[in-house]
C-alpha cells in the first residue's frame with residue numbers, strides 16, 4: 001500500500017490504534033429461568049417484544065403487525081424501499097391442515113410514509129395466490145412463484161395505485177412440483193454473478209434488459225435446501241435444511257461449481273441451540289430435548305441471512321443469522337476463513353443472538369434492510385410444522401392439542417433489530433435514477449445498495465455507463481483509503497463494477513488480465529471467474545496469465561483458479577491443475593477443487609446412463625426422470641449417494657437406500673411407503689418420519705422407485721404397481737410401520 005500524504009498516514013495510524021471508530025463489544029444477556037411448559041396465549045406485539053432477549057445495546061423495533069399483515073413468510077424491498085410481504089394465509093389453519101390448497105393467499109406492499117421506520121400503509125398488491133414462496137422485485141415489477149409450481153410470473157402496477165394489474169408468465173414448466181409444501185423451492189436470489197438462484201432446482205435464471213429470461217441448467221448445482229437462501233459479498237450461497245436438521249451448507253464455493261461441504265465446516269457444538277423457553281412441540285420428540293425441556297439440536301432452521309448492512313456494529317458485518325422457529329431463537333454465526341476453508345462458529349457461548357419466551361414467536365426469515373438494520377419476519381403462530389408431521393400417531397399432534405397451538409392463527413409481525421447508539425439510514429430512492437447516477441452505490445457499505453444498484457443498471461441495459469464502470473474497475477485504490485469515505489469499500493466497488501460490466505455483456509479481455517494482478521484478493525478472484533468466458537471459448541492466451549496465480553499469496557485465489565480451470569478443454573489447463581495439485585495436494589479445499597475440475601465432462605448423470613445402458617428405452621427414460629425427481633426432494637435426507645445424510649455427530653438423518661431390504665424387496669410394499677410415509681424404528685434405529693408422497697402422480701413415484709432400485713441393480717417399478725398400491729391403501733391416512741407392512745405383505749402372499 002502506498003501512503004499518498006501525511007493526512008492519509010494519520011488516518012491509517014488512527015485506524016491501526018483503534019482511535020478512528022467506536023468499537024462495540026457484545027455483552028450477552030442473562031438467561032431467565034427456563035419454563036418447560038410456558039403459556040401459548042397470544043401476546044400483543046408490545047407484550048411479545050418484552051419477551052425478547054438480545055445482547056446489550058441492541059433493541060427490537062416493530063415495523064408491521066396484524067391486521068396490516070397476516071401469516072407473513074418472506075419480505076423484499078424494491079429500489080425505493082417499498083416492502084413486499086408474501087403471506088401464506090392458508091398455512092396450517094388447524095391441526096389437520098384443512099383448506100391448505102385454497103387460492104386466497106396474498107402479497108402486500110407496505111410503505112413507510114413518514115420515514116420513522118414503521119409501516120403506515122398496506123396495500124394488497126396481489127391476491128388469490130396459492131401459498132406464494134418467492135418474491136423478487138426488479139424495477140417496476142415483482143417476480144413471484146407459488147407453491148406446487150415451477151412457474152415464474154411477472155406482476156406490474158401500471159397505474160400507480162399499489163395494486164398489480166398486469167400479469168405475465170415469464171417461465172413455464174408444465175410439471176407440478178411434488179412433495180408437501182415444506183419441500184418446495186425457495187430463494188429467487190439475484191446473485192452477484194447476475195444469475196438468479198433458488199433452492200432444490202438445478203436451474204438458474206438471468207433477467208435481461210429486453211424483458212426476456214435466460215434459463216441455464218446445471219447438473220452439479222446444489223439440489224437441496226429448504227426455506228431460505230442468502231449470499232455473501234463474493235456470491236457464495238448459504239443453504240439450510242430443516243428436514244435434514246442442517247443449519248448451513250453449500251457455502252464453501254459458488255453454486256455453479258457444485259455442492260461441497262467440507263468436513264468440520266461447523267465448529268464443535270454449533271448444532272446445539274440455546275433457547276430460553278421449553279420446546280414441547282418438536283417433531284423429533286424427547287430425543288431432541290434437554291432435561292430442562294429446551295431444544296438440544298437445530299431442527300426448524302429457515303430464512304438465513306448474511307448481514308451485510310452498515311448501521312449495526314461493524315463486528316456483525318458478514319455474520320450469518322439463522323432463524324430457528326421451533327426453538328424461538330436466532331443464531332448468530334461467525335464465519336472464519338481458516339486457510340481457505342470457511343468454518344462457522346457460534347458468536348456466543350451457550351446463548352443466542354436473539355431468543356424469546358413467547359411460544360408463538362416464529363422467526364422465519366432474516367433480511368438486511370436498506371436502512372442498515374436487520375429485519376426479522378415472525379409468522380407469529382402456534383403450529384409451525386406442515387400437516388404431514390401432525391397426523392395421528394405423530395409426536396406433535398397431542399402436544400399441539402394440549403397446548404392449543406392449533407388455535408393460534410391469523411397474525412404476524414415484522415421487526416427490525418437496531419443498536420441504540422447508531423442512527424439508521426432513511427429509505428432509499430433508486431427507482432427512476434439514471435444508470436450513471438446508480439454507479440455511486442456500487443461501493444456502498446450496505447450490500448443491499450450494491451446488489452440493488454447492480455441489478456437496476458443491468459436491467460436498464462444502458463451501455464453508456466460502460467466507460468465509467470471500466471474506470472472504477474481499473475482503479476486500484478487501497479481498502480484502507482476507504483477510511484476517507486465511510487460509505488465506500490473500494491475493493492468491493494471494483495468487484496461489483498466488474499460483475500455489472502458482465503451483466504451488460506461487456507467482458508473486456510485486457511481489463512480482466514489487469515485485474516488478475518489487483519492488490520485486493522477479492523478482485524483477483526473475481527477476475528478469474530470472469531476469465532471463464534474466454535476459457536470456454538478455448539482461449540489459450542488467457543491460460544498464460546492465469547498460470548502466474550498458482551503462486552498467489554492468497555489460498556482463496558488459488559482455489560478459485562482450480563475451480564475455474566474446469567471450463568478449459570486445453571491441455572495447458574490440465575497441466576496447471578496438476579501443478580496446483582502438486583503444490584497443494586494436502587490442502588483439503590484446493591485439492592477437492594482440483595479433483596472435481598479434472599473430472600470435467602464426467603458428470604453424475606453420465607455415470608448413471610452408463611450404468612443402465614443395457615436396459616430398454618422405456619426403463620432408461622423412467623430412471624432418468626426418477627433421478628431428476630430424487631435430486632429435487634429425496635436428496636435432502638437420503639443424500640446424493642443414497643446412503644443417508646450424516647449429521648455432524650455421524651448419525652444419519654434417514655436410512656441408506658443402498659442394499660436396503662425394502663428397496664430391493666416387494667415393489668407394492670415399497671410403493672406404499674412412498675404413498676403414506678413411514679414411522680417407527682427401522683432395523684432398531686429411529687429416524688423420525690418418512691413423509692407421505694401421495695400427492696405425486698403414480699408415474700412420478702414409479703420413476704423415483706425405478707431410479708433407487710437401479711442404483712441397487714434391480715429392475716424398475718411400473719406405474720401400475722403404484723396404482724394398485726394406492727387403491728389398496730386409499731382409505732389410509734396414517735403413516736405405515738414396518739410391522740404393519742409385513743402383515744400386509746404376508747396377507748397378499750397367502751392369497
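Tabulated values for the structure
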read-out: Residues satisfying the stated conditions in the stretch 524-542, i.e. buried (at least 20 other Cβ atoms within 10 Å of the Cβ) and without any contact (Cβ under 8 Å) to a residue 40 or more places away in the chain; value: 524, 527, 528, 530, 531, 534, 535, 542
read-out: Matching helices (runs of 4 or more DSSP H) fully within the stretch 387-475 where at least 2 residues are in the same structural domain as residue 318 (by TED's automatic domain parsing); value: 396-403
read-out: Among (1) modelled with pLDDT of 95 or more; (2) under 27 Å from residue 100 (Cβ atoms); (3) in contact with a helix residue (DSSP H, G or I) (Cβ under 9 Å, 6 or more places away or on another chain), the one test that residue 385 misses; value: (1)
read-out: One residue from 693, 675 being part of a loop (DSSP other than H, G, I, E, B), closer than 18 Å to residue 179 by Cβ, touching a helix residue (DSSP H, G or I) at 6+ places or on another chain (Cβ under 7 Å) and at pLDDT 85 or above; value: 693
read-out: Selected residue [over 24 Å from residue 139 (Cα atoms), at pLDDT 95 or above, touching a helix residue (DSSP H, G or I) at 6+ places or on another chain (Cβ under 9 Å) and part of a helix (DSSP H, G or I)] from 502, 514; value: 514
read-out: Where residue 266 falls short, out of the listed (1) more than 22 Å from residue 654 (Cβ to Cβ); (2) in contact with a strand residue (DSSP E or B) (Cβ under 7 Å, 6 or more places away or on another chain); value: (1)
read-out: Subset of the stretch 197-215 [surrounded by 22 or more Cβ atoms within 10 Å (Cβ to Cβ) and either free of Cβ contacts under 8 Å to residues at least 40 places away in the same chain or within 23 Å of residue 452 (Cα to Cα) (or both)]; value: 197, 198, 199, 207
read-out: Residues that are modelled with pLDDT under 90, farther than 27 Å from residue 347 by Cα and surrounded by 15 or more Cβ atoms within 10 Å (Cβ to Cβ), drawn from the stretch 12-41; value: 12
read-out: Subset tally (residues that are touching a helix residue (DSSP H, G or I) at 6+ places or on another chain (Cβ under 7 Å), within 15 Å of residue 618 (Cβ to Cβ) and not in a loop (DSSP other than H, G, I, E, B)) for the stretch 710-751; value: 3
read-out: Elements of type strands (runs of 3 or more DSSP E) in the stretch 152-233, at least 3 residues being closer than 28 Å to residue 526 by Cα; value: 187-190, 196-198, 203-207, 213-217
read-out: Number of positions in the stretch 257-287 that are over 24 Å from the mean Cα position of the chain (by Cα) and surrounded by 17 or more Cβ atoms within 10 Å (Cβ to Cβ); value: 6
read-out: Spans of helices (runs of 4 or more DSSP H) in the stretch 555-602 with at least 1 residues at pLDDT 90 or above, in contact with a strand residue (DSSP E or B) (Cβ under 7 Å, 6 or more places away or on another chain) and over 17 Å from residue 256 (Cα atoms); value: 588-599
read-out: Criterion: in contact (Cβ under 8 Å) with a residue 12 or more places away in the chain, over 19 Å from the mean Cα position of the chain (by Cα), under 20 Å from residue 237 (Cβ atoms) and in the same structural domain as residue 262 (by TED's automatic domain parsing) - qualifying residue of 337, 296; value: 337
read-out: Selection count, the stretch 217-240, where residues are in contact with a strand residue (DSSP E or B) (Cβ under 9 Å, 6 or more places away or on another chain) and either at pLDDT 90 or above or not assigned by TED's automatic domain parsing to the domain that holds residue 283 (or both); value: 12
read-out: Considering residues of the stretch 608-633 that are part of a loop (DSSP other than H, G, I, E, B) and in contact with a helix residue (DSSP H, G or I) (Cβ under 7 Å, 6 or more places away or on another chain) only, the residue farthest from residue 296 (Cα to Cα); value: 612
read-out: Candidates 187, 160, 178, filtered to the one that is surrounded by fewer than 21 Cβ atoms within 10 Å (Cβ to Cβ) and farther than 23 Å from residue 460 by Cβ; value: 178
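The values are calculated or read from the model by the stated rules, or taken from the named source; none is laboratory data. All figures in this text were calculated on a predicted structure; none of them were measured in a lab. Note: ideal-geometry Cβ built from the backbone for every residue, glycine included; neighbour counts use all protein chains shown.
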